[in-house]
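Asker: Okay, here's the structure, questions in a sec.
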Amino acid sequence: MRLSKEKIDRIKEGILSNLFRNSPQAMFSSEVAESIIRDEEFTKKLLLELEEKKLISRVSKNNKGVDYLRRLRWRLTSPTYAAYSQLNGQKIFYDEKEHAYS
């Protein structure tokens, strides 16, 4: 089954919305797929497209600083988070240097 560009864009909006709701915690690709009720491979493809557009960024290390070998985690980029915050009337910004929201 093929999805129209409009439907794919709406699914991408759902992904961004889920990442915003779970901020500042990064989500694994499988968690994103589960939250939007889609196949993991399809979701991963959409996540990579969003990364190309610089709307989300990949988290490559765990809390202990060890690189992930097979899994991917995702979070919103600062400009994307700021845009969503403005849409929701919040005045919260992500500090890239400190990796924290203020």
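Asker: Pull out all pairs, ordered by first then second residue, where Cβ-Cβ is under 6 Å, the residues are six or more apart or on different chains, the first lies in region 10-23 and is within 9 Å of R75 (Cα to Cα), and the second is in a helix (DSSP H, G or I) and at pLDDT below 90.
Answerer: Listed by first residue and then by second, the contacts come to F20/Y84.
Asker: Right, something else. Are any residues in region 2-19 farther than 12 Å from L55 by Cα and in contact with a Ser or Thr (Cβ under 9 Å, 6 or more places away or on another chain), and if so, which ones?
Answerer: Within region 2-19, I11, G14, N18 meet the criteria.
Results for (1) of a type outside the set (A, V, I, L, M, F, W, C); (2) surrounded by fewer than 15 Cβ atoms within 10 Å (Cβ to Cβ), shown as yes or no for each residue.
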position: K5; (1), (2): yes, yes
position: I15; (1), (2): no, no
position: S23; (1), (2): yes, no
position: S30; (1), (2): yes, yes
position: E34; (1), (2): yes, yes
position: I56; (1), (2): no, no
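Asker: Right, next: State yes or no: is S78 modelled with pLDDT of 90 or more, surrounded by 11 or more Cβ atoms within 10 Å (Cβ to Cβ) and within 12 Å of the chain's Cα centre (by Cα)?
Answerer: So S78 does not fit the description; no.
For every residue, the table says whether it meets (1) within 25 Å of K5 (Cβ to Cβ); (2) over 11 Å from the mean Cα position of the chain (by Cα).
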{"residue": "I36", "(1), (2)": "yes, yes"}
{"residue": "F42", "(1), (2)": "yes, yes"}
{"residue": "K54", "(1), (2)": "yes, no"}
{"residue": "K61", "(1), (2)": "no, yes"}
{"residue": "W74", "(1), (2)": "yes, no"}
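Asker: So the check is Cβ under 7 Å with 6+ separation or different chains; which pairs have a first residue in region 52-79 that's more than 16 Å from S23 (Cα to Cα) and a second one that's among the polar types (S, T, N, Q) and surrounded by fewer than 17 Cβ atoms within 10 Å (Cβ to Cβ)?
Answerer: D67/S60; Y68/S60; Y68/N62
Asker: Scan region 30-51 and tell me whether some residue there is assigned to a loop (DSSP other than H, G, I, E, B), under 17 Å from Y84 (Cα atoms) and either at pLDDT below 95 or in contact with a helix residue (DSSP H, G or I) (Cβ under 8 Å, 6 or more places away or on another chain) (or both).
Answerer: No, region 30-51 has no match at all.
Asker: Just give me the residues in region 21-49 being hydroxyl-bearing (S, T, Y) and farther than 22 Å from N63 by Cβ, in sequence order.
Answerer: Of everything in region 21-49, just one residue is hydroxyl-bearing (S, T, Y) and farther than 22 Å from N63 by Cβ, namely T43.
The values are calculated or read from the model by the stated rules, or taken from the named source; none is laboratory data. Given the structure is predicted, the values throughout are model-derived calculations rather than measurements. Because the Cβ atoms are built from the backbone with ideal geometry, glycine has one as well, and the counts that use them run over all protein chains shown.
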